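First the structure, in the form of structure tokens, and then the observations on it.
Where a number appears in this text, it was derived from the coordinates with a stated rule and is not lab data. Owing to the predicted nature of the structure, the values given are computational and were not obtained by experimental measurement. We place every Cβ from the backbone using ideal geometry, glycine too, and count neighbours over all the protein chains shown.
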Amino acid sequence: MPADTPPHRYDAAMAAAIESRWQAEWETRRIYEVHDAAGDPTRRSNKLFVMDMFPYPSGSGLHVGHPLGYIATDVYVRFRRMCGADVLYTMGFDAFGLPAEEHARQTGQHPRINTEANIANMRRQLDRLGLSHDKRRSVATTDVDYYRWTQWIFLQIFNSWFDPQARRARPVAELAAEFAAGERTRPDGRSWGTLSEAERREMIDGHRLAYVADSPVNWCPALGTVLANEEVTNEGRSERGNHEVFRRPLKQWMMRITAYGDRLLEDLDLLDWPESVKTMQRNWIGRSTGALITFDAVGRAAGIEVFTTRPDTLFGTTYMVLAPEHPLVDELLAEEWPVGVAEAWTGGAATPRQAVDAYRARAAAKSDIARSDSKTGVYIGRDATVPFAQTRVPVFVADYVLMGYGTGAVMGVPGEDQRDREFAEAYGLGVIRTVQPPDDHPCDQAYTGDGVSINSGFLDGLDVDASKALILERLAAAGCGRATVNYRLRDWNFSRQRYWGEPIPVVFDEHGPVALPEAMLPLELPELTDWAPRALARDSDPEPPLGRVSDWTEAVLDLGDGPRSYRRELNTMPQWAGSCWYYLRYLDPGNDKALVDPEVERYWMGDPEPGGVGGVDLYVGGVEHAVLHLLYARFWHKVLHDLGHVSGPEPFKRLINQGYIQAYAFKDSRGVYVPAEEVEGSLESGFEHRGERVARELGKMGKSLKNSVTPDDMYASYGADTLRLYEMFMGPIDQDRPWETRSVVGSQRVLQRVWRNLVDEETGELRVSDEAPDDDLLRLLHRTIDGVRSDMEGMRFNTAIAKLTELNNELTRHHTGAPREVAEVLVRMLAPLVPHFAEELWHRLHGYGAGSVTQADFPTADPALLVTDTVEVPVQVNGKLRGRVTIAADADEADAVAAALSEPNVAAHVNGRELRKQIYVPSRMITLVV
RNA sequence: GCGGACGUGGCGGAAUCAGGCAGACGCGCUGGGUUUAGGUCCCAGUACCCACCAGGGUGUGGGGGUUCGAAUCCCCCCGUCCGCACCA
């Protein structure tokens with residue numbers, strides 16, 4: 001620090017002092033706490049519920065990219081508070097998860113200790129930013145008082161079924177009652193009264209929204225857990241850690257999210273979300289309409305059911321394909337090859353069994369990428385019959401057909417499907433075109449467009465749509481097919497073989513799962529001495545850590561019919577569970593009677609506009625949650641809505657994805673990253689690290705690229721307000737942008753100039769004058785108020801800051817200190833962006849007994865000062881700018897043109913030629929055409 | 001391959017919603033001043049080309065179109081980023 005720095009300059013040290021003083025003051029005066037009860041419903045139009053996606057409390061702490069969204073919501077919330085809004089704003093922690101378990105395994109420390117330490121550290125880093133959260137409302141998903149309600153919601157879902165007629169969830173008790181009353185019958189016609197207890201239980205369990213299924217799962221031995229499909233990469237490896245993943249059948253809890261496919265799709269239209277996120281959700285749900293068609297297998301009773309979106313091409317079927325995992329494969333396999341079978345079809349194997357076994361083994365060893373390279377398969381030695389055409393076609397096993405989509409079986413139509421075409425070429429299968437292609441269509445390509453049906457019996461001459469309609473009618477009449485809707489969306493695998501998650505509040509008796517009664521919640525995690533997840537052998541079976549607690553796995557409980565022994569569920573919930581509903585707990589975090597008081601829920605989640613969709617008014621977070629978190633939360637919310645626990649159909653009305661802050665990273669000649677902070681040089685001169693030339697690239701900020709910049713670094717060099725201002729100034733909130741530490745000083749200079757216009761740097765005395773601002777300054781002030789207000793409303797903080805900077809630059813040019821009236825308004829406009837800085841100046845202006853600037857009104861522009869008597873208007877001649885004239889604001893076109901023509905340069909370009917056209921856009925532009 | 005977003009100075013970006021002065025604001029850079037340490041602060045300049053100035057020409061990835069007027073609207077192409085990916 002140079003010795004001659006003025007003693008009262010706004011610098012990092014002064015910022016630190018100001019920031020800690022006002023943070024303590026705000027805390028003492030509890031100014032960010034919002035009322036606990038529901039507000040006055042008649043003033044609901046004034047309510048505002050804003051949230052950031054809550055963070056996982058990572059052990060490595062924050063870098064400057066993390067708080068971008070938090071600062072943005074804080075600025076917005078502070079602005080809206082100053083405009084009179086009733087704001088609910090807080091933040092919690094998504095604290096269950098694998099990293100805490102991994103840390104625990106390394107240190108021997110219970111995950112809770114590490115988790116709580118990380119939360120404390122993160123709170124410290126965030127507090128330093130001056131976010132205006134109501135801290136009393138903060139929750140962590142690991143709090144027993146919190147996960148008690150996560151478990152409660154699980155039971156609500158478990159105790160519900162989806163009624164397809166009503167298109168909503170209903171209690172299973174009602175389903176049982178309908179069976180008992182005979183209003184609903186089993187497919188086999190047996191009445192409820194004749195069923196055994198086991199059969200009744202099975203019947204009901206088969207309808208629940210949360211159910212146990214023995215289904216193939218993604219078993220990852222290295223992580224010691226199964227993973228959701230979403231946690232597995234395209235290459236068939238774990239997203240976390242890139243470990244091998246194997247498909248294994250296992251009893252798993254599933255959530256019947258597919259029942260809500262249509263509503264999740266339809267209600268996207270009600271939401272104010274980025275189009276890209278809606279598109280991703282639509283693709284994920286993957287609704288497609290088509291038909292299920294059953295083909296008879298020659299010589300077997302079993303039929304092969306396929307899903308197709310093109311039932312009109314049925315007559316073009318020349319073969320069939322089953323996915324390698326398809327359960328019918330083993331049943332349909334022929335004992336031996338038919339006479340004269342082609343070598344290519346057998347894979348050189350002696351029997352169909354050997355061919356299929358070898359093919360399956362090869363398919364399992366290949367990555368999905370390799371699988372997609374070429375079409376391969378083997379014949380299973382059996383044929384099927386094409387309905388109506390009555391032709392015999394061979395049945396293959398091929399890995400280009402996926403078990404996870406449709407029925408896992410397809411009809412091969414090489415005439416109208418390019419994938420089928422490629423397979424047919426490879427195995428010498430016939431091609432029958434059933435849609436007439438245009439003349440210029442290449443004859444070696446499938447034709448997927450519209451056209452007239454040919455070679456299709458009763459469909460000939462009809463176009464695609466008419467053919468589809470007629471074939472569906474005939475299939476239904478013949479009993480071998482029907483129209484259907486298929487979804488790419490699968491039911492949600494809800495079990496994890498982990499310790500550090502919510503225990504599932506279910507026990508098992510001899511018939512299956514039994515819900516714990518609500519009174520037994522919370523079901524707390526047992527203490528473990530040996531809780532660490534284990535990396536297991538490749539061929540091992542899934543083993544949940546809770547299975548190692550012998551006095552917990554078996555429980556003697558009285559669930560209504562006396563004490564009995566039950567087996568506990570050993571899996572825990574996935575990390576998504578806690579984040580599915582935390583927004584509801586923010587509303588009423590201390591409630592021990594309900595997850596949220598209904599009146600409080602209605603106040604904060606009800607739509608301010610009558611007929612609106614409701615939900616959180618603004619939700620800000622990263623686009624990485626575009627599908628999973630947001631889809632799961634919407635699903636839970638809809639179930640809770642159906643059951644009457646929440647008032648609206650959607651949790652998040654408006655969503656903004658904040659951009660990523662990227663940072664330059666530097667690689668040496670070996671391709672190893674070097675610490676970015678030690679690199680010197682420039683783009684022109686080249687970059688060097690310890691004398692060695694390094695290459696620059698742009699990437700995600702983080703440890704692996706050695707390019708992290710922490711908020712703590714910025715607090716030390718500039719203070720929190722400068723960091724806030726810089727992050728908001730860098731660009732639009734939803735855009736990625738590169739971090740540049742050397743530019744941060746610009747934002748500090750802006751604050752320093754504001755400070756200097758109000759405070760004498762030598763004496764610390766106030767520099768404001770009591771003289772009224774001159775007319776130009778006053779008009780600029782009100783234009784600024786007007787612009788800043790609308791920029792803040794639209795969350796365009798970068799341009800709001802630019803306008804404030806312009807105003808301040810104008811004050812700087814006066815050299816005399818700011819007129820009090822201007823200073824006072826400027827400080828209020830700065831308050832949402834740089835709250836500590838503004839609070840300090842506010843108190844210097846108004847004396848230390850003044851109330852917080854946080855609670856002051858945001859300035860309002862005087863409309864009279866937004867209009868001017870005269871305006872400077874540019875003049876175009878033949879589309880080119882030739883001069884400017886100053887004319888009366890209310891001048892008519894004739895006056896404007898006359899003024900324009902009197903401008904020498906304009907006159908020179910008109911050069912006496914005849915005016916062919918003249919246009920005056922009031923106050924904007926004069927255009928002359930000659 | 002399919003879908004989405006986006007291309008503006010040396011850099012981040014503004015103007016795009018509603019066609020009307022392209023480059024606000026900041027970084028960087030150049031020059032000057034104050035101090036004197038090359039730090040800080042203040043002032044001026046900074047898209048490119050020509051010109052002493054006045055001014056002129058060119059310019060928003062490329063090409064075309066609509067219009068008195070296009071960064072903005074429409075069509076084609078090129079490029080970058082993101083998502084999905086044999087979805088039958």
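How big is the antiparallel share of DSSP beta bridges in the range A:535-667, given as a percent to the nearest 5?
The antiparallel fraction comes to roughly 55 percent.
Please give the helix A:820-830 orientation as an angle from the longest Cα principal axis of chain A, in degrees from 0 to 90, rounded to the nearest 10.
10 degrees
Which parts of the range A:720-739 would a label at A:Arg696 reach, counting a residue when its backbone N lies under 16 Å from a point 7 Å out along Cα-to-Cβ?
Residues A:737-739 qualify, since their backbone N sits under 16 Å from the label point.
Cross-link partners among lysines for A:Lys706, C-alpha distance below 17 Å, same-chain residues fewer than 8 apart left out?
Reachable lysines: A:Lys667.
Could you tell me what % of all Cα pairs in chain A have separations over 44 Å?
That tail contains 49 percent of the Cα-Cα pairs.
Using a Förster distance of 56 Å, how high is the FRET efficiency between A:Arg654 and A:Cys443, based on the Cβ-Cβ distance and rounded to 0.05?
Details: r = 52 Å, r/R0 = 0.94.
My answer for the efficiency is 0.60.
Pull up the DSSP beta bridges for chain A and report the antiparallel fraction as a percent, rounded to 5.
In chain A, approximately 80 percent of DSSP beta bridges are antiparallel ones.
Just report the Cα centroid separation between the range A:57-109 and the range A:428-453, whole Å.
That distance is 56 Å.
Please report, in cubic angstrom per residue, the volume enclosed by the convex hull of the alpha-carbon atoms of the range A:868-929. Could you put the intermediate results ahead of the total?
Details: hull volume 4.0 nm³, N = 62.
Residue-normalised Cα hull volume stands at 64 Å³.
Please give the contour-minus-distance gain from A:Asp36 to A:Ala358: 0.36 nm per residue of separation, less the Cα-Cα distance, rounded to one decimal in nm.
The A:Asp36-A:Ala358 span can extend by a further 109.3 nm.
Sequence neighbours fewer than 8 away in the same chain don't count; with that in mind, list the lysines whose C-alpha is under 28 Å from A:Lys593.
Excluding near neighbours in sequence, the set is A:Lys47, A:Lys135, A:Lys638, A:Lys653.
Straight-line reach from A:Lys468: which lysines have a Cα under 18 Å away, not including same-chain ones fewer than 8 places off?
none
Once both labels are modelled 7 Å past Cα along the beta-carbon direction, what's the A:Arg124-A:Ser276 spacing in nm?
If labels sit at A:Arg124 and A:Ser276, their model points lie 3.6 nm apart.
Once you sort the root eigenvalues of the Cα gyration tensor of the range A:288-486 as a ≥ b ≥ c, which label holds: rounded (a/c under 1.5), prolate (a/b larger than b/c) or oblate (the other case)?
Since a/c reaches 1.5 and a/b is larger than b/c, the shape of the range A:288-486 is classed as prolate.
Using 0.36 nm times the number of residues separating A:Glu761 and A:Asp561, minus their current alpha carbon distance, what extension gain do you get?
Values: separation 200, 0.36 × 200 = 72.00 nm, distance 8.03 nm.
Once the chain is fully extended between A:Glu761 and A:Asp561, it gains 64.0 nm.
Rounded to the nearest 500, what is the 222 nm mean residue ellipticity of chain A from helices alone, with -39500 (n - 2.57) per DSSP H run of 4+ residues and division by all residues?
On the way: 29 runs with 309 residues, N = 930.
Rounded to the nearest 500, it is -10000 deg cm²/dmol.
Looking at chain A, identify the longest residue range that excludes and avoids all chymotrypsin sites (Phe, Trp or Tyr not before Pro) in DSSP loops having at most 16 other Cβ atoms within 10 Å.
By the stated rule (loop sites, at most 16 other Cβ atoms within 10 Å), A:406-847.
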